[in-house]
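The values are calculated or read from the model by the stated rules, or taken from the named source; none is laboratory data. Note that the structure is predicted; figures quoted are calculated from it, not measured. Note that each Cβ is placed from the backbone with ideal geometry, even for glycine, and that neighbours are counted across all protein chains shown.
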Amino acid sequence: MFSLTEKEVQAQIEAFAQFGATPDGGITRLLYTEEWLAAQQFLQQRLASIGMSTRFDEVGNLFGRIEGTKYPAETILSGSHMDTVVNGGKLDGQFGIIAAYLAMEQLIKTYGPPLRSLEVISMAEEEGSRFPFNFFGSKNLFGAVKQQEIADLTDIQGVTFEEAMTTAGFQLKASAQPARSDIQAFLELHIEQGKILETEEKTIGIVTSIVGQKCYTIVLKGEANHAGTTPMSYRKDALVAFSTICVEATAKAKLLGDPLVLTFGQVIPKPNVTNVVAGEVHFTMDCRHTDEATLNRFTTEIEKDMKKTAQAMGLMIDIQLRTDEAPVQMDAACVALLQKSAEKLQLPSRLMHSGAGHDAEIIAKFVPTAMLFVPSIGGISHNPAEATALKDLMAGIETLATALYELAYI
Ligand code: HGY
Ligand code: MN
Ligand code: MN
Ligand code: MN
């Protein structure tokens, strides 16, 4: 169907990978940084060059749009997130944006303008890597993140969320405006970030549900003290308290078993020097499960355990729940459409659940939504070694284009 070449796809990926490139071949492109803004502006030019009208919304989500000739008020949306984790790979997020506009470009080249409007979205932020707030872009699509939700958030350098946002030229949305009612469907193409497709030699994964996720920022406050003159029994060592919490919670997670996952990804002792007993530890906890009741039960128990450990060691603890997303089902009709599209292209595919969180889980609450995955080599992701065979990237784009054709041209 297409004139798109593997070389063009690779070139697009490399072009965006330059924004926030890290020495070992990864990308660090955090919300509202210069490299993030440069990548969004580069995309804006790219979308305009294929005839799309482009616009940023208040918070920095970027849209590219081709008006439908017959039903312009009905919009088919596809895209993903422009931000990355620290030293992430070249595909997580940005490949879903590149695939969306390449698929649409091919459709317009092959069939002319669509009957319904086609829109690409580059979401401002999904990872929660700079500030502990996930899905900031998609959460502003059909609603408005409130000032109090980000008021106390700072990045690792102490820059506040609001300073970063205004410096980049963006602002919070005024209180929730009427949600868009024109979007008929949202499709997100993403790398699997796991090993199932590769192990089963499937080219396309079609997501049926996305895991439930609870993310916390937690502060333990003990007492900084002299490493040489403070006897062990006098210490209020926040790092020892954190370690106890981490080991005990991890043991409970292992006991409960798959698909529960528990991650203490960020741990910042203060003052973090060799000869001072850590007076404070700021850390994050990320817990996920496919079953909402199990997730809630487990995290309630861990919260209780943390408070008990802190109290027993004479420390203060402050637990803030930052992300609280229940598991989400994808839209059955969109799932069936993706299955049909993969079959049409004779691509081996399978239905599957997503252990990773995605913008699709936020958008699915408002419009019919589905996701398709392409295999991750070795299942590696959130790592510069993240990679997918070019033939699989192409297959993902073709499958997406086939589904978009059904939605926008029929
Ligand atoms: O953490 C995740 O699952 C996603 O990459 N934000
Ligand atoms: Mn990610
Ligand atoms: Mn992602
Ligand atoms: Mn995502």
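Residues in region 267-290 that are of a type in the set (A, V, I, L, M) and touching a residue at least 40 places away in the same chain (Cβ under 8 Å): Ile268, Val276, Val277, Ala278, Val281, Met285.
Total residues in region 280-298 satisfying the condition of being surrounded by fewer than 20 Cβ atoms within 10 Å (Cβ to Cβ) and either at pLDDT below 95 or not hydrophobic (A, V, I, L, M, F, W, C) (or both): the figure is 8.
Looking across Leu400, Leu393, one residue alone is of a type in the set (A, V, I, L, M), within 16 Å of ligand 4 (Cβ to nearest atom), in a helix (DSSP H, G or I) and in contact (Cβ under 8 Å) with a residue 12 or more places away in the chain. It is Leu400. In region 307-326, the residues that are touching a residue at least 12 places away in the same chain (Cβ under 8 Å) form Cβ pairs under 7 Å with partners that are among the acidic types (Asp, Glu) and crowded, with 16+ Cβ neighbours inside 10 Å, at six or more places apart or across chains, as follows: Ile319/Glu303; Glu325/Glu361. Of the helices (runs of 4 or more DSSP H) entirely within region 93-177, those holding at least 3 residues that are closer than 29 Å to Leu390 by Cα and within 16 Å of ligand 3 (Cβ to nearest atom) occupy 94-111. Would you check which residues across region 330-352 are part of a strand (DSSP E or B) and surrounded by 15 or more Cβ atoms within 10 Å (Cβ to Cβ) and list them? Within region 330-352, Ser349, Arg350, Met352 meet the criteria.
For residues that are aliphatic (A, V, I, L, M) and closer than 22 Å to Gln106 by Cα, scanning just region 40-60, find the one that is surrounded by the fewest Cβ atoms within 10 Å (Cβ to Cβ). Step through it out loud before you land on a result.
Taking region 40-60 as the starting set, the residues that turn out to be aliphatic (A, V, I, L, M) are 43, 47-48, 50, 52, 59.
Subset that is closer than 22 Å to Gln106 by Cα: 43, 47-48, 50, 52.
Details: Leu43: 24, Leu47: 25, Ala48: 12, Ile50: 15, Met52: 22.
Ranking the qualifying residues of region 40-60, first place goes to Ala48.
Only a single criterion out of (1) among the acidic types (Asp, Glu); (2) free of Cβ contacts under 8 Å to residues at least 24 places away in the same chain; (3) in a strand (DSSP E or B) is not satisfied by Glu188, namely (2). Selection over region 144-158 of residues that are in contact with a helix residue (DSSP H, G or I) (Cβ under 9 Å, 6 or more places away or on another chain) and either surrounded by 18 or more Cβ atoms within 10 Å (Cβ to Cβ) or within 17 Å of Ile183 (Cα to Cα) (or both) gives a count of 4. Does Val277 count as of a type in the set (A, V, I, L, M) and in the same structural domain as Thr244 (by the TED database)? Judged against the criteria, Val277 is a match.
When restricted to residues that are in a helix (DSSP H, G or I), away from ligand 4 (no atom under 11 Å from the Cβ) and not hydrophobic (A, V, I, L, M, F, W, C), region 353-382 contains 2.
Residues are listed down the side, and each one gets a yes or a no for (1) of a type in the set (S, T, N, Q); (2) surrounded by fewer than 20 Cβ atoms within 10 Å (Cβ to Cβ); (3) modelled with pLDDT under 95:
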{"position": "Asp182", "(1), (2), (3)": "no, yes, no"}
{"position": "Glu188", "(1), (2), (3)": "no, no, no"}
{"position": "Val211", "(1), (2), (3)": "no, no, no"}
{"position": "Cys215", "(1), (2), (3)": "no, no, no"}
{"position": "Ile218", "(1), (2), (3)": "no, no, no"}
{"position": "Ala227", "(1), (2), (3)": "no, yes, no"}
{"position": "Val240", "(1), (2), (3)": "no, yes, no"}
{"position": "Gln266", "(1), (2), (3)": "yes, yes, no"}
{"position": "Thr274", "(1), (2), (3)": "yes, yes, no"}
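The set of residues in region 211-237 being over 17 Å from Glu280 (Cβ atoms) and among the hydroxyl-bearing types (Ser, Thr, Tyr) consists of Thr229, Ser233, Tyr234. Just so you know, in region 359-410 the residues that are of a type in the set (Phe, Trp, Tyr) and closer than 28 Å to Thr323 by Cα include one that is farthest from ligand 1 (Cβ to nearest atom), and it is Phe366.
Restricting the search to strands (runs of 3 or more DSSP E) fully inside region 208-283 and requiring at least 3 residues that are under 30 Å from Leu338 (Cβ atoms) gives 212-221. Within region 44-97, the set of residues being within 16 Å of ligand 4 (Cβ to nearest atom) and polar (S, T, N, Q) comprises Asn61, Ser78, Ser80, Thr84, Gln94.
Can we say Glu343 is among the acidic types (Asp, Glu) and without any contact (Cβ under 8 Å) to a residue 24 or more places away in the chain?
Spelling it out, Glu343 is indeed among the acidic types (Asp, Glu) and without any contact (Cβ under 8 Å) to a residue 24 or more places away in the chain.
Does Glu162 satisfy being touching a Pro at 6+ places or on another chain (Cβ under 9 Å), at pLDDT 95 or above and either within 16 Å of ligand 1 (Cβ to nearest atom) or acidic (Asp, Glu) (or both)? Answer is no for this residue.
Considering every residue within region 88-102, establish whether at least one is over 17 Å from the mean Cα position of the chain (by Cα) and more than 16 Å from ligand 2 (Cβ to nearest atom). Yes, there is a match, as at least one residue in region 88-102 is over 17 Å from the mean Cα position of the chain (by Cα) and more than 16 Å from ligand 2 (Cβ to nearest atom).
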